[in-house]
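Asks: One structure coming up, written as structure tokens, with questions to follow.
The values are calculated or read from the model by the stated rules, or taken from the named source; none is laboratory data. Here the structure is a predicted model, which is why all the values come from computation and not from measurement. Cβ placement follows ideal geometry from the backbone for every residue including glycine, while neighbour counts extend to all protein chains displayed. We work out accessible area using only protein heavy atoms, side chains counted, and drop any ligands, DNA or RNA first. Shrake-Rupley method; radii C 1.70, N 1.55, O 1.52, S 1.80 Å.
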Amino acid sequence: MPSRWAMLAVLCASLLLVAMDATILNVALPSLIDHMEPSPMEQLWIVDLYGLVLGGLLITCGAIGDRYGRKRLFLAGFVLFGLASIVAATAHDPAQLIVGRALLGVGGAMVMPSTLSLIRNIFTDDKERTLAIGIWASVAGAGAAIGPLVGGHLVEAFGWSAAFWLNVPVVIVTVSAGLWLLPEYRAPQHGNLDWLSAIVSVLGIVALAWGIKHVAKGSPAPIDLAILVAAFALLGLFAYRQLKSPDPLLDVRLFRNRAFTAAALATLLAMLAIGAALFLISLWLQYIHGYSPSQAGVRTLPAAVATLLGSLATPWLMQRVGVRALMAFGLGALAVGFFVLAAVPTTTYPIVALILTCLGIGDGIAITTAAAVLVAAVPPERAGQAGAVEETNYELGIGLGVALLGSIHGRLFTSHMTGLPLHGDDLADAQGSVGGAAYVANKIGGSTGEQVLTIAQHAFDSALTTTSWISTAMVGTVAVLTVVLVPAKFKATAAH
């Protein structure tokens with residue numbers, strides 16, 4: 001039988017690619033805007049639709065893998081991921097690119113729960129399983145953090161579509177290796193899949209994202225408010241059906257466990273804040289400080305390194321510090337990063353590097369500890385569902401962060417774009433986004449262009465300060481909740 005560590009390498013290679021795609025467009029967006037000229041709302045959909053679709057489908061895909069085969073779902077999902085990458089890379093308009101990003105999310109949702117489920121089956125030794133899950137978590141966290149670095153170099157060398165073409169050869173190699181290396185597993189004694197609940201959950205999450213995005217950008221239309229209300233109704237219906245089902249897609253009773261609830265909230269809100277921060281910082285480095293995509297990507301490297309080190313150190317630290325203290329420390333590091341971003345004038349890169357390091361450390365420690373708590377806080381037969389909750393909150397957090405905080409930032413940016421010496425379409429473009437302002441400034445040139453760019457830089461900084469204060473309060477609150485909800489002597493051990 002092939003080495004279980006070789007199997008882990010195959011699973012982690014796929015996970016790295018899926019995680020990178022959540023953030024790889026952060027530095028490619030300016031180049032993409034110049035090429036396609038998407039509207040501000042299309043820009044947000046291009047960036048965050050991937051994470052929202054992925055997060056919305058994870059629970060359903062996990063249930064499908066349990067019933068019909070985890071290897072089969074993994075390979076099918078990665079093939080779809082490769083095909084969707086071609087759709088996105090060959091896009092000639094924003095609509096095709098948005099469709100490609102949605103299909104990438106579907107493929108990623110098929111891959112991610114399969115990786116964690118297969119790891120639990122492949123590694124039967126308790127200590128080896130703990131190490132393997134730690135490596136899995138570090139790859140997931142580091143993948144999201146190095147997305148801007150890889151994307152920056154590819155975009156500068158080959159154009160924005162290279163961020164998607166990268167996926168194709170990796171998919172071919174990984175699927176070929178997976179066919180040979182990976183064993184097939186199905187969970188025993190599962191009933192038929194509740195397709196109605198699956199559809200309701202996906203529609204509820206997408207409607208929630210739509211409603212949040214349009215309400216946050218200000219002056220929502222009645223249809224936007226109706227969609228938001230419908231989202232809560234759909235998610236409530238999903239929870240009701242799960243309570244009544246003898247074999248639920250998600251056992252919502254798990255949230256009665258205080259430690260489980262705290263870890264789920266920590267994952268969702270921490271990634272919500274981080275997802276928005278990495279998106280806005282990437283734009284800030286390029287538009288405000290004038291870095292090229294590759295230069296901006298390199299300057300986000302402290303977050304990737306800190307995430308990787310924090311994730312790998314977490315299993316060792318949990319044994320010595322304790323779960324509650326360690327998760328609170330990780331969330332505290334995140335709060336410090338957002339506080340510095342909000343309170344300190346970020347005119348020099350060392351300040352930016354400090355912020356990214358705090359975010360990376362907080363991400364690596366808090367999210368990895370929360371994953372261990374989620375698995376340990378539930379009965380062994382529900383460990384797979386606990387993993388699905390962790391993955392769903394992780395990906396939804398990134399997507400909702402861009403949707404909510406990105407929309408708030410865009411609204412604030414527009415409100416600060418006053419006194420512009422522009423009229424007509426140029427005025428609308430400049431007020432719409434920092435990318436639009438940079439495009440107009442470069443088109444006009446001269447002293448007028450410089451004035452537009454200066455106003456846009458001040459508007460972006462002011463909006464970033466406000467969203468950073470919101471993130472500080474959000475993460476600080478969940479850190480306090482962690483201390484309140486997680487028992488002092490709680491132990492995180494691997495599920496059997």
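Asks: Peptides 410-416, 70-76, 302-308: what's the order by average Cβ count within 10 Å, highest mean first?
Replies: On the way: 410-416: 18.9, 70-76: 22.3, 302-308: 24.3.
Top of the packing list down: 302-308, 70-76, 410-416.
Asks: So for each of 93-106, 321-334 I average, over its residues, the number of other beta carbons within 10 Å; can you give me the resulting order with the highest mean first? List each step's numbers first, then the result.
Replies: Values: 93-106: 19.9, 321-334: 23.6.
So the peptides 93-106, 321-334, ranked by packing, come out 321-334, 93-106.
Asks: Let me ask something additional. May I ask you to order 194-203, 309-318 by the average number of other C-beta atoms within 10 Å around their residues, highest value first?
Replies: The packing order, highest mean first, is 309-318, 194-203.
Asks: With the full set of protein chains in place, find how many percent of the accessible area of the chain is carbon and sulfur; take the probe as 1.4 Å.
Replies: The computed percentage sits at 67.
Asks: Below 8 Å between Cα atoms, with a sequence gap of 6+, how large is the relative contact order for segment 393-496 in percent?
Replies: Details: 69 pairs, mean separation 26.9, N = 104.
After rounding, I find 26 percent.
Asks: With the cut-off at 1.5 for a/c, could you classify segment 88-207 from its C-alpha gyration tensor as rounded, prolate or oblate?
Replies: Oblate.
Asks: Mean separation of Cα pairs under 8 Å and 6+ residues apart, divided by the residue count of segment 39-142: what relative contact order is that in percent?
Replies: Details: 111 pairs, mean separation 34.0, N = 104.
Dividing the mean separation by the residue count of segment 39-142 yields 33 percent.
Asks: Also, I was wondering about something else. Calculated from DSSP H runs of 4 or more alone, at -39500 (n - 2.57) each and per residue, what is the 222 nm mean residue ellipticity of the chain, nearest 500?
Replies: -28000 deg cm²/dmol
Asks: May I ask for the equivalent-ellipsoid semi-axes of segment 206-318, computed as the square root of five times each C-alpha gyration tensor eigenvalue and listed largest first in whole Å?
Replies: Semi-axis lengths for segment 206-318 are 34, 26, 9 Å.
Asks: Hey, can you find the accessible area per residue of the chain for me, probe 1.4 Å, expressed in square angstrom? List each step's numbers first, then the result.
Replies: Values: 18820 Å² over 496 residues.
Computed with neighbouring chains in place, this is 38 Å² per residue.
Asks: Hey, another quick one. Please state the relative contact order of the chain as a whole percent: Cα pairs under 8 Å, 6+ residues apart?
Replies: Working: 876 pairs, mean separation 108.0, N = 496.
Relative contact order here is 22 percent.
Asks: Step by step: find N for segment 371-496, compute 2.2 N^0.38 Å, then divide the Cα radius of gyration by it. What's the final number?
Replies: Computed over Cα atoms of segment 371-496, the ratio equals 1.62.
Asks: Can I ask one more? What's the Cα-based Rg to Rh of segment 281-390, Rh via Kirkwood?
Replies: 1.09
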